[in-house]
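Read the figures in this text as sums done on the coordinates, not as results from a lab. What you see is a predicted model, and the numbers here were worked out from it, not measured in a lab. A quick note on method: Cβ atoms are made from the backbone with ideal geometry, for glycine too, and the neighbour counts reach across all protein chains shown.
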Amino acid sequence: MELVNEKNVILLDHPLLKHKITQLRDKNTKTNQFRLMVKEIAILEGYEALRHLPVRMVEIETPIEKTIQPVVDRKRLCFVPILRAGLGMADGMGDLVPGSTFGHIGLYRDEVTHQPVEYYCKLPDDIEEKEVFVIDPMLATGGSAIDAVKMLKKHGAKNITFICIIAAPEGVEAFNKTYPEIPLYIGALDRCLNENAYICPGLGDCGDRTFGTVVRGGNE
Ligand code: PRP
Ligand code: URA
């Protein structure tokens, strides 16, 4: 399957984005720096993924004259990080679009089966009216992403986009097969999954690296 030619699979290619993802992958990047990089990458990816947002015209006054100009309806946007690792990207999206709203979905992968386990879901009451952007740095098997979208649809969400930083071909294929209508933005498409369903070369465990929960060789 030629993944990036699939409709709605968008592999971003800005050199600065690639540069930052390389820094993120580096095992010597420490927790503070890692969190900062995730935030910056989210802003770069968000800028691209929000390119098609509708604008409405409002009247304002410049120091010179009155004029009618476009604005984004920020309250219509809802970013939904998948806990935990998605929280790092949520920081960036909040900076990119102050005044937007957030939902939260809690999922973790069972270590043996690699299947997602749900533990939390809190979404805005009017989720069906929102432009929803699900954010999670890692798309590995695709199980968590597919489950998160299923939960959103169950709550009535209609306009959904998924943004990740690093994806494995297996996850992209599974997600696109399940939800061909949902745009999937990817910062880097990696080689494959290993026997533990980690992305290769990937960056390791994104949640642990974001929050410093596992200290390996002075990664604090
Ligand atoms: C990571 C990541 C995704 C999921 C991807 O979360 O942030 O949510 O794995 O894997 P998948 O595509 O195979 O489902 P994890 O389960 O490690 O939870 P955490 O963020 O709380 O550490
Ligand atoms: N989750 C991660 O944090 N990293 C991977 O490589 C796969 C799933």
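Using only DSSP helix segments of four residues or longer, with each worth -39500 (n - 2.57), what per-residue ellipticity at 222 nm results for the chain after dividing by its residue count and rounding to 500? It lands at -9500 deg cm²/dmol. Expressed in units of 2.2 N^0.38 Å, where N is the residue count, the Cα radius of gyration of the stretch 31-133 is 1.35. Measuring between alpha carbons in the structure, the pairs from LYS7/LYS150; LYS7/LYS154; LYS122/LYS153; LYS18/LYS177; LYS39/LYS154; LYS30/LYS122 lying more than 22 angstrom apart are LYS7/LYS154; LYS18/LYS177; LYS39/LYS154; LYS30/LYS122.
By the rule of a C-alpha distance below 18 Å, with chain neighbours fewer than 8 residues away ignored, the aspartates and glutamates paired with LYS158 are ASP73, ASP125, ASP126, GLU128, GLU129, GLU131, ASP147, GLU181.
The loop-placed GluC sites (Glu not before Pro) in the stretch 78-146, going by DSSP, that have at most 12 neighbouring Cβ atoms within 10 Å of their Cβ come out as GLU111. Subtracting the Cα-Cα distance of TYR198 and HIS104 from their residue separation scaled by 0.36 nm leaves 31.5 nm. Give me the net charge of ASN8's neighbourhood, meaning all other residues with Cβ under 13 Å from the Cβ of ASN8; Lys, Arg count +1, Asp, Glu -1. So the surrounding residues net to -1.
Among residues other than GLU40 with Cβ under 14 Å from its Cβ, the summed charge is 0 (Lys and Arg +1, Asp and Glu -1). Loop-located GluC sites (Glu not before Pro) in the stretch 43-95 (DSSP state other than H, G, I, E, B) with a sparse environment of at most 11 neighbouring Cβ atoms within 10 Å: GLU65. What are the trypsin sites (Lys or Arg not before Pro) within the stretch 48-116 that DSSP puts in a loop, where the Cβ has at most 15 other Cβ atoms within 10 Å? Filter output for the stretch 48-116: ARG51. Measuring r between the beta carbons of HIS114 and GLN33 and using R0 = 22 Å, the FRET efficiency lands at 0.20. Applying D = kT/(6 pi eta Rh) to the stretch 2-211, where Rh is the Kirkwood radius over alpha-carbon pairs, T corresponds to 20 °C and eta to 1.002 mPa s, the Stokes-Einstein value obtained is 122 µm²/s. If you take all other residues with their beta carbon under 13 Å from the beta carbon of TYR179, and give Lys and Arg +1 and Asp and Glu -1, the sum is +1. Quote the FRET efficiency, to the nearest 0.05, computed for VAL72 versus CYS121 with a Förster distance R0 of 41 Å and r equal to the Cβ-Cβ distance. Computed FRET efficiency for VAL72 and CYS121 comes out at 0.95.
When only the Cβ of Lys, Arg, Asp and Glu is charged (+1, +1, -1, -1), the dipole of the chain relative to its Cα centre reaches about 200 debye. Relative contact order, whole percent, for the chain stands at 24, derived from Cα pairs under 8 Å and 6 or more residues apart. For the stretch 167-187, backbone nitrogen atoms closer than 16 Å to the point 7 Å from LYS18 Cα along Cα-to-C-beta are found at 167, 186-187.
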